[in-house]
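Visitor: Here it is: the structure, laid out below.
The values are calculated or read from the model by the stated rules, or taken from the named source; none is laboratory data. Everything quoted here is computed from the prediction, not taken from an experiment. When we count neighbours, we look across all protein chains shown, and the Cβ atoms used for this are built from the backbone with ideal geometry, even at glycine.
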Amino acid sequence: MKNVAVRTLLLPLLAAGVALPAGGPSVTLWTAASMKQWPQKLASKFSAQGVATDALGTFGNYRFMAIVRKASGQAEFHENDADIIIVQTGDATLITGGTVINPKTTEPHEIRGSGIQGGREMRLVPGDVVTIPPKTPHQMKLAPGTEFVYMTVKVSQ
């Protein structure tokens, strides 16, 4: 009976092209307590642009990153990656859409620029979750002297 139930659940997934790892999917937990440690853990990794990141793990076509910002970021455009942002602490303004100003290819399928012209602004606060589809210009803006901590899930298309 158990095998019939497992086959009933798995066959539609396999028919839809969902690949399951040989050992089955693994479970990963980032506790609230561990996420609160990110600013201290990343304190020595800040770039000249005021951002520190830590790759938390890659799982097939998606990967997790811890990010701590102490300054506004560049405009970004990912040709193949969607971003899912989960705000932990602080607040920031996310600008999406519009056009990247002074675009430069920084690596394959990735463009950065000095800002965004004609985008839409939204305020992000702890607990907010936002999705940014591929090919959507976006930029994170912070008030001077503030800190913004979040997790980004990058999903490759």
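Visitor: Consider residue 29 carefully, then state whether it is under 20 Å from residue 145 (Cα atoms) and without any contact (Cβ under 8 Å) to a residue 60 or more places away in the chain.
Guide: no
Visitor: For residue 99, indicate whether it is exposed (fewer than 15 other Cβ atoms within 10 Å of the Cβ), polar (S, T, N, Q) and within 18 Å of residue 46 (Cα to Cα).
Guide: Here the answer is no, as residue 99 does not meet what is asked.
Visitor: Pairs needed: first member in the stretch 44-56, within 15 Å of residue 146 (Cβ to Cβ) and at pLDDT 95 or above; second member anywhere, hydrophobic (A, V, I, L, M, F, W, C) and assigned to a strand (DSSP E or B); C-beta distance under 9 Å; at least 6 residues apart or different chains.
Guide: Cβ pairs passing all conditions: 46/52; 46/68; 51/67; 51/68; 51/140; 52/66; 52/67; 52/68.
Visitor: Right, something else. Does residue 135 meet the test of being farther than 15 Å from residue 153 by Cα, surrounded by 15 or more Cβ atoms within 10 Å (Cβ to Cβ) and within 16 Å of the chain's Cα centre (by Cα)? Lay out the reasoning, then the answer.
Guide: Numbers: farther than 15 Å from residue 153 by Cα: yes; surrounded by 15 or more Cβ atoms within 10 Å (Cβ to Cβ): no; within 16 Å of the chain's Cα centre (by Cα): yes.
When the stated conditions are applied, residue 135 does not pass them.
Visitor: Go through the stretch 74-101 and report how many residues are in a loop (DSSP other than H, G, I, E, B) and in contact with a His (Cβ under 9 Å, 6 or more places away or on another chain).
Guide: Step one: of the stretch 74-101, the residues in a loop (DSSP other than H, G, I, E, B) are 74, 79-80, 90-91, 97-98.
The next check asks that each one be in contact with a His (Cβ under 9 Å, 6 or more places away or on another chain); those that pass are 79-80, 97.
Of the residues in that region, 3 qualify.
Visitor: Would you mention how many residues in the stretch 102-130 are surrounded by 15 or more Cβ atoms within 10 Å (Cβ to Cβ), of a type in the set (A, V, I, L, M, F, W, C) and assigned to a loop (DSSP other than H, G, I, E, B)?
Guide: Residues in the stretch 102-130 being surrounded by 15 or more Cβ atoms within 10 Å (Cβ to Cβ), of a type in the set (A, V, I, L, M, F, W, C) and assigned to a loop (DSSP other than H, G, I, E, B): 0 in total.
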